[in-house]
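The structure appears right after this line, and notes come after that.
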Amino acid sequence: MTQPRGSAAKSAALSAALSGAVDLSALKARAESAQRQPAPPAGPAGGDAPPPAPGSSEAVIDVTEATFQAEVVERSLHQLVIVDLWAEWCGPCKQLSPVLERMAAESGGAWVVAKVDVDANPRIAQLFGAQSIPTIVAIGGGQPVDAFSGALPEPEIRKWINALLDALRDKLPSIREAEANGGGPVEEPEDPRFTEAEEAFERGDFAAAQAAYERILDVEPANELAKNALAQVKFTARAESADPSARAKADADPSDLAAQLDAADLEIADNNVEAGFKRLIDTVRRTAGEDRNKVREHLVALFDLFDPADDRVMKARRDLASALF
């Protein structure tokens, strides 16, 4: 399911996968039915407290398997819920989660972040078919409406959220209420450095996009968003220029190193990730010296397109280590 980080197709591909993996219609129906029933009598003092009312102004909610129905499904009938699938060991999660939390607090109650620790609540991650984290899923009206994976730049996240708010304004009371009180969509000035790079990428000027991201990294060597975007630009430039017949050539002649590299890029671009990784690992096993090192470096660069916790990457790393040693 996971696309190379930063790719334009990533959100759409993940959303399409979720449409088959997640079916909350039954939960939604039960929630709507519950809303039509009289409220149950209050419990005895000291008993379990009821869950917060859907649409409450709390911006960030910790969700468990036990509270998922009330805090995500029922709440989403009134308020946009952004489910943040994360884990303590996930580096990109630590970059993305604070951005989402701050933006939710600024929204005036238009939407909330529902944080799900996938280690403690694996069934929720399974429900969404999440293969890597962070995975972010938007829930509105009891159904998933869009999603993405990986740590995107804040301007892209803000555009994504604002598009959701625009699309769901007529369905979710919280959005209209927030806008009436001065909340709702808020545009933020974009970082002109990233804008320059993204515009170059969109018009197919990969050299200019690469140079723009490299200038950001010259000033901010630890900027993970620029690193990830640069890796994607380099990969896209290679895949765009790869010989379309490379796979046939590589299969016909395993010793054709250039064809093997191009074929692997084409397979990754087609989301045939395991095949691309396997091709290069097999090539590592057949080569030695400088040729082997060239293939290894190419494969490691492909790993950088994905979340390090992606099962396919972790398996390929183990297979690479076995092939090398």
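Of Ala212, Ala231, Ala200, all but one fail to be small (Gly, Ala, Ser), surrounded by 17 or more Cβ atoms within 10 Å (Cβ to Cβ) and closer than 18 Å to Phe303 by Cβ; the exception is Ala231. Restricting attention to the stretch 69-93, the residues being at pLDDT below 90 and more than 17 Å from Ala147 (Cβ to Cβ) number 1. Being in a helix (DSSP H, G or I), basic (Lys, Arg), over 22 Å from Glu156 (Cβ atoms) and open to solvent by 50 Å² or more (accessible area, probe 1.4 Å) is a condition met by at least one residue of the stretch 263-284. For the stretch 127-144, state whether one or more residues are within 30 Å of Ser241 (Cα to Cα), open to solvent by 10 Å² or more (accessible area, probe 1.4 Å) and either among the acidic types (Asp, Glu) or out of contact with any Gly (no Cβ under 9 Å at 6 or more places or on another chain) (or both). The answer is yes; a qualifying residue exists. Taking the criterion of being among the small types (Gly, Ala, Ser) and open to solvent by 40 Å² or more (accessible area, probe 1.4 Å), the only residue of the stretch 215-228 that qualifies is Ala222.
Return the pairs, sorted by first residue and then second, in which the second residue is open to solvent by 20 Å² or more (accessible area, probe 1.4 Å) and small (Gly, Ala, Ser), the first residue lies in the stretch 143-167 and is closer than 16 Å to Val112 by Cα, the beta carbons are less than 6 Å apart, and the residues are 6+ apart or on different chains. Final answer for the pair search is Asp146/Ser15; Ala147/Ser15. Residues in the stretch 150-176 that are among the charged types (D, E, K, R), more than 25 Å from Gln232 (Cα to Cα) and either open to solvent by less than 10 Å² (accessible area, probe 1.4 Å) or modelled with pLDDT of 85 or more (or both): Asp166, Arg169, Asp170, Lys171.
The values are calculated or read from the model by the stated rules, or taken from the named source; none is laboratory data. Please read all numbers here as calculations on a predicted model, not as lab measurements. Here Cβ is always computed from backbone atoms with ideal geometry, including for glycine, and neighbour counts include all displayed protein chains. Accessible surface areas use protein heavy atoms only, side chains included; no ligands, DNA or RNA. Shrake-Rupley method; radii C 1.70, N 1.55, O 1.52, S 1.80 Å.
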